[in-house]
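Data block below; observations after.
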Amino acid sequence: MFTQNVSISIDKQLELTVEGDLDLRGWDQAEIQAAVLRESDLQVTTSDDRVILKSLGDLEIQVPAGVSIFVRKVEGDAEVQDLTGQLSVRAVGGDLDLVNLGEIQVESIGGDLDARKVSSLKVVAVGGDCSVSRIPGAVEISHVGGDMDAENLGSLKLINVGGDCSANHIEGDFSVSNIGGDLDGENLHARISSVTVGGDLSLRVKSSGLKAMAGGDLDIRLDELSPDAVELSAGGDVDLHLPAQAHARMHITSGGRDILMRVGGWNERVEMFVFDFSLGDGTTPVQITAGGDVQVTDGSPQTHKEGSGFDFAGVKVDVDGLSHTVQDAVERATRQAETASREIEERIQAAMRRVEEKTRGRTFRVGFEAPQPPVPPMPSVPVEPVKPSNPAHAPQARVSEEERRLILQMLAEQKISTEEAVNLLDALEGKNQ
């Protein structure tokens, strides 16, 4: 092992190029101590403003803690610790470990990044996984190829993460875009401007002002609700937990047509695509768009209170009564439509049988008989409306608009002839009886 000491003042910058691994540490001496395998592996150049060291193999180096350092290139792994001066790293081919440092700027890391107890951190690209913790200043990372873990940060800005991401105890701004996997965030005191993930998103946020989008499911817990708007979008289900006695103006769109509200003491399920309601004074606008189901809960007891309800567009509404009323109305309308459809079908079938009996051998049954020989196209022949006869002799059965529309449709589709259409209309009017 060859060791060389080099004098350096605090106002000079140290520049390093290492073709192997780098072990860089700060100490309290006023000089540099560099250790390499062979003497020929170390090249030292000095100038008025910098000291340049190049190692052809691995390098272990100790420098005054306050010196500014520029790492031009490290072919292998790099470990840097116990420095107070500014550190700039252009490229590390392997992993980079940063411990107990000042301000750091990194352009490119081929492997993993592990940064702990540094003042602030700005990274352009990490090829592998990234772990950052106990950083009181700002953390900004543009690209992470693998997973991302962040804990106890002053603020966090992520732009692209290929894998999953976890964040815990973020104090300042929190902005995350283009997470390829899942994102799990806890104890986020930060003001969250935007969060976009391709997988599932789970966040526990101290205050509102949140804009979040997830390709999968979305689970959000808001400990406080400020007047700032909340916008949530998910390809799957959305589960929003509001603080007790929240004041919110809700606009919910559910692709699954299943909205469950456990807020304000209510436990109600509404089967609607779009649903609007207000809680309390409706101070905070909350918009939820989900491809699946939506659930909104709070910290209040989940009990049904007689006479209570939500405020929908300024009108007090009993949600339980509303849900039952809507359900009853839908069922009633469905039964009426089915009954009317059956009656129309029965009348047309009866008229067709009467025409069939009268014409003796000319049969047609729409959609059930074997196909008839093709009929040459012919222009539509308007059917003269049947003039009402004397009321005293008028038949009880009359052609409804729906029956007339179906017969004309069969004529246009050449399923019946013009003569058969006229006969069928007469049969429905009772003229062929």
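Give the residue that is nearest to Gly85 (Cα to Cα), with candidates limited to residues of the stretch 98-141 that are assigned to a strand (DSSP E or B) and among the charged types (D, E, K, R).
Glu103
Among the residues that make up the stretch 55-70, is at least one of them more than 20 Å from Asn5 (Cα to Cα) and within 41 Å of the chain's Cα centre (by Cα)? Reasoning before the result, please.
Narrowing the stretch 55-70 to residues more than 20 Å from Asn5 (Cα to Cα): none.
No, there is no match, as no residue in the stretch 55-70 is more than 20 Å from Asn5 (Cα to Cα) and within 41 Å of the chain's Cα centre (by Cα).
Please find, among Gly292, Gly299, the residue that is surrounded by fewer than 18 Cβ atoms within 10 Å (Cβ to Cβ), assigned to a loop (DSSP other than H, G, I, E, B), at pLDDT 85 or above and within 27 Å of the chain's Cα centre (by Cα).
Gly292
Would you mind finding the one in Arg257, Arg249, Arg262 that is modelled with pLDDT under 85 and of a type outside the set (S, T, N, Q)?
Arg257
Yes/no matrix, rows are residues, columns are (1) out of contact with any helix residue (DSSP H, G or I) (no Cβ under 8 Å at 6 or more places or on another chain); (2) part of a strand (DSSP E or B); (3) surrounded by fewer than 20 Cβ atoms within 10 Å (Cβ to Cβ); (4) hydroxyl-bearing (Ser, Thr, Tyr):
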site	(1), (2), (3), (4)
His143	yes, yes, yes, no
Asn160	yes, yes, yes, no
Asp184	yes, yes, yes, no
Thr196	yes, yes, yes, yes
Leu203	yes, yes, no, no
Gly216	yes, no, yes, no
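Would you point out the residue of the stretch 82-136, among those that are among the basic types (Lys, Arg) and crowded, with 17+ Cβ neighbours inside 10 Å, that is farthest from Asp23 (Cα to Cα)?
Lys122
Considering every residue within the stretch 48-71, establish whether at least one is among the polar types (S, T, N, Q) and over 25 Å from Arg134 (Cβ atoms).
yes
When you go through Ser233, Ser155 one by one, which is the residue that is hydroxyl-bearing (Ser, Thr, Tyr), farther than 30 Å from Arg269 by Cβ and assigned to a strand (DSSP E or B)?
Checking each option against the conditions leaves just Ser155.
Being buried (at least 23 other Cβ atoms within 10 Å of the Cβ) and within 19 Å of the chain's Cα centre (by Cα) is the filter here; which residues of the stretch 248-287 pass it?
Met250, Ile252, Ser254, Ile259, Val286
Can you tell me which residue in the stretch 56-92 is farthest from Ser120 (Cα to Cα), limited to those that are assigned to a loop (DSSP other than H, G, I, E, B) and in contact with a Leu (Cβ under 7 Å, 6 or more places away or on another chain)?
Out of the qualifying residues, it is Gly57.
Which of the residues that make up the stretch 104-125 are closer than 16 Å to Arg72 by Cα and among the β-branched types (Val, Ile, Thr)?
Within the stretch 104-125, Ile104, Val106, Ile109, Val123, Val124 qualify.
So for the stretch 249-260 (the condition being in contact with a Lys or Arg (Cβ under 9 Å, 6 or more places away or on another chain), assigned to a loop (DSSP other than H, G, I, E, B) and touching a residue at least 40 places away in the same chain (Cβ under 8 Å)), does at least one residue qualify? Don't jump to the end; show me each part of the working.
Filtering the stretch 249-260 down to residues in contact with a Lys or Arg (Cβ under 9 Å, 6 or more places away or on another chain) leaves 258-260.
Remaining after also requiring assigned to a loop (DSSP other than H, G, I, E, B): 258.
Now narrow it down to the ones that are touching a residue at least 40 places away in the same chain (Cβ under 8 Å): none.
Looking through the stretch 249-260, none of the residues is in contact with a Lys or Arg (Cβ under 9 Å, 6 or more places away or on another chain), assigned to a loop (DSSP other than H, G, I, E, B) and touching a residue at least 40 places away in the same chain (Cβ under 8 Å).
The values are calculated or read from the model by the stated rules, or taken from the named source; none is laboratory data. As the structure is a computational prediction, the values presented were derived from the model and not from experiment. No Cβ is skipped: glycine too gets one built from the backbone with ideal geometry, and neighbour counts run over all protein chains shown.
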